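The values are calculated or read from the model by the stated rules, or taken from the named source; none is laboratory data. Computed from a prediction, not measured in an experiment: that's the story for all the values here. All Cβ positions, even for glycine, are placed from backbone atoms using ideal geometry, and neighbour counts span all protein chains on display.
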Amino acid sequence: MKIYKNTGSKDTRSGFGDGLTELGQKNENVVALCADLTGSLKMNAFANNNPERFFQVGIAEANMMGMAAGMTIGGKIPFTGTFANFSTGRVYDQIRQSIAYSDKNVKICASHSGLTLGEDGATHQILEDIGLMKMLPGMTVINTCDYNQTKAATLAIADHHGPVYLRFGRPKVANFTPENGEFKIGKAVLLQEGTDVTIIATGHLVWEALEAAKTLNEKGISAEVINIHTIKPLDEEAIIKSVKKTGCVVTAEEHNFLGGLGESVARTLSLNHPTPQEFVATNDTFGESGTPAQLLEKYGLNAENIALKAEAVIKRK
Amino acid sequence: MADTQHLKDLVTQVRRDIVRQVHAVSSGHPGGSLGCTEFLVTLYNEVMDHDPSFNMDGVNEDLFFLSNGHISPVFYSVLARSGYFPVEELGTFRKLNSRLQGHPTTHEDLPGVRIASGSLGQGMSVAIGAAAVKKLNGDTKTVFTLHGDGELQEGQIWEAAMYAAANDVDNLISTIDVNGQQIDGSTDQVLALGDLRGKFEAFGWRVVTVTKGNDVDAVLAGIKEALTLTGKKQPVCILLHTEMGNGIDFMMGSHAWHGIAPNDEQLAEALRQNPETLGDY
């Protein structure tokens, strides 16, 4: 087994903030907009370094999305920053018409996604955003797993022409992907090779999947672990190749099973290689207040549940 | 006063284009289109510095964003007759595989369109973004928008209006088509707009009122006055009072023709009232 070391827990939103700061220095076309959450999104450094390219719009997300669309006219690359809920559900029609349908090169950067923003509770914990965004034609959907990958993704999407939804979060989580690693949009990352079951994870649950693989290994079960950071376009080839070898799959995400990564994987497999699948995801529910760890445990979004689902799906082969 | 006969001739021809487009597919929005004909004809032919060879970025050009996208028939006609695409293409309006979708879009690469619109309330925000980038690029041209008065019931308009004033967006002229009508009836019946001048002024805008919004000379004078107010740390609004269905007597003064196409007899009568000037498509 490959051993992955946590080089020091960090929040993925800081990966975004540091990536944006770097972009501010190296790409003069990058502009940033924020709806009164500059500190939460870690956009302060960009704002301080590039005051003329930073747009504080106030608590007015609809206007922010429209402005971002307009800023592409004249050649800028706008990055919007607010919580995932306010980046998607609140402004779905603005994104749909002014950004996606209008083919605008806007990067929608969303922090505090999923349950792990914690105590603020369900009003702020969106578990539907991947589904909302992947349904929009032409939208690229990315959910990064740690600080390093979020920073790399932030840099990469500036060079990609077209609308992107970049999803990350609030809590400090294990940082284990390579520093300054290459980020290829749409390319799965094979983290652990195995033969008995494929675990396909995205976002904060990638680390949990690696932990689950360790537990399974101790029981003599060989788990393959794939990090799908890009949910759309999905790296179907990597998924099919792995599942042809293992014969079963567990998907893991901090999102509702309806509309999430798991459904995208299921579609791919049902068309190409029908396979037993188990889902680690929330079950058509809103979240609630609690610490991130408590919430992940209560809703079964952790290594323990991934391992249980892996054992269950192996029995269905 | 400048001779504006060529604009008046063009207005008559654009009216013919509008009713012929919607008649051909028995759908579309003639009422608001006819009300805004003088404004768009004047803007594109007498005011804006723009290049019909069309580049999306529009650097060093004046830009126009149509926020009330349902008046696409007048927008398409004015764009075609300004040289953005062949006037014959107006015959594809709302038909399958056309670039002239029911509501304007960039998705089919129609020259002259820079944003999709139709779902209301979004165009002012887009224009503010484009205006901000003009300043970043050192581009001194102006950004224009057009909105329906009913559209002002959308909250996003007021988010945008607040932003523009707070951030000195003074290269923006937003025109409101004040025709007092919307789908379900008059704006007073549906959701009264109150004192629009007072509202925009309270938000920090400069306001120009054009009471004769269907008179090209009055429209031109109003836009020129608005232009003198740009560059002074405040956004500018034109309250353009128009008559829905203007130029076709049986369509005027009612919301009934908001989204209804004329039948064959009505088309013939509409065309009789607006004789061909520059040639039909």
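Give the residue that is farthest from the chain's Cα centre (by Cα), with candidates limited to residues of segment B:141-173 that are in a loop (DSSP other than H, G, I, E, B) and more than 13 Å from every other protein chain (Cβ to nearest Cβ). Can you show your working first?
Let us first name the residues in segment B:141-173 that are in a loop (DSSP other than H, G, I, E, B), namely B:141-142, B:149, B:154, B:167-171.
From the residues that got through so far, the ones that are more than 13 Å from every other protein chain (Cβ to nearest Cβ) too are B:142, B:149, B:170.
Values: B:Thr142: 16, B:Asp149: 12, B:Asp170: 20 Å.
The residue in question is B:Asp170.
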Pairs under 8 Å by beta carbon, first residue within 18 Å of B:Lys135 (Cβ to Cβ) in segment B:221-232, partner part of a helix (DSSP H, G or I), six or more apart or different chains?
B:Leu227/B:Val47
Here is a list: A:Gln125, A:Gln149. Which entry is in contact (Cβ under 8 Å) with a residue 24 or more places away in the chain and more than 13 Å from the chain's Cα centre (by Cα)?
A:Gln125
Looking only at segment B:96-108, which residues are under 17 Å from B:Val78 (Cα atoms) and more than 7 Å from every other protein chain (Cβ to nearest Cβ)?
B:Arg99, B:Leu100, B:Gln101, B:Gly102, B:His103, B:Pro104
Inspect segment A:51-62 for any residue being within 14 Å of another protein chain (Cβ to nearest Cβ), under 20 Å from the mean Cα position of the chain (by Cα) and more than 14 Å from B:Ile128 (Cα to Cα) and give the result as yes or no.
no
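Taking helices (runs of 4 or more DSSP H) that fall entirely within segment A:1-86, which contain at least 2 residues that are buried (at least 24 other Cβ atoms within 10 Å of the Cβ) and at pLDDT 95 or above?
Result: A:12-26, A:61-71.
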Any idea how many residues of segment B:39-71 are out of contact with any strand residue (DSSP E or B) (no Cβ under 7 Å at 6 or more places or on another chain), within 14 Å of another protein chain (Cβ to nearest Cβ) and crowded, with 24+ Cβ neighbours inside 10 Å?
1
For A:Leu41, all conditions in the list (1) closer than 21 Å to A:Thr21 by Cα; (2) within 20 Å of the chain's Cα centre (by Cα); (3) within 14 Å of another protein chain (Cβ to nearest Cβ) hold save one; what is the number of the exception?
(3)
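Here's the yes/no breakdown for (1) surrounded by 23 or more Cβ atoms within 10 Å (Cβ to Cβ); (2) part of a helix (DSSP H, G or I); (3) in the same structural domain as A:Glu224 (by TED's automatic domain parsing):
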{"residue": "A:Ile99", "(1), (2), (3)": "yes, yes, no"}
{"residue": "A:Thr116", "(1), (2), (3)": "yes, yes, no"}
{"residue": "A:Glu119", "(1), (2), (3)": "no, no, no"}
{"residue": "A:Thr123", "(1), (2), (3)": "no, no, no"}
{"residue": "A:Ile130", "(1), (2), (3)": "yes, yes, no"}
{"residue": "A:Leu155", "(1), (2), (3)": "no, yes, no"}
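Which is more than 9 Å from chain A (Cβ to nearest Cβ) and more than 14 Å from the chain's Cα centre (by Cα), of B:Val126, B:Val78, B:Val87, B:Val133?
Values: B:Val126 fails: more than 9 Å from chain A (Cβ to nearest Cβ); B:Val78 fails: more than 14 Å from the chain's Cα centre (by Cα); B:Val133 fails: more than 9 Å from chain A (Cβ to nearest Cβ).
Answer to the selection: B:Val87.
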For the condition in contact with a strand residue (DSSP E or B) (Cβ under 8 Å, 6 or more places away or on another chain) and either buried (at least 24 other Cβ atoms within 10 Å of the Cβ) or closer than 25 Å to B:Ala261 by Cβ (or both), what is the one hit in B:Gly123, B:Gly112, B:Gly102?
B:Gly123
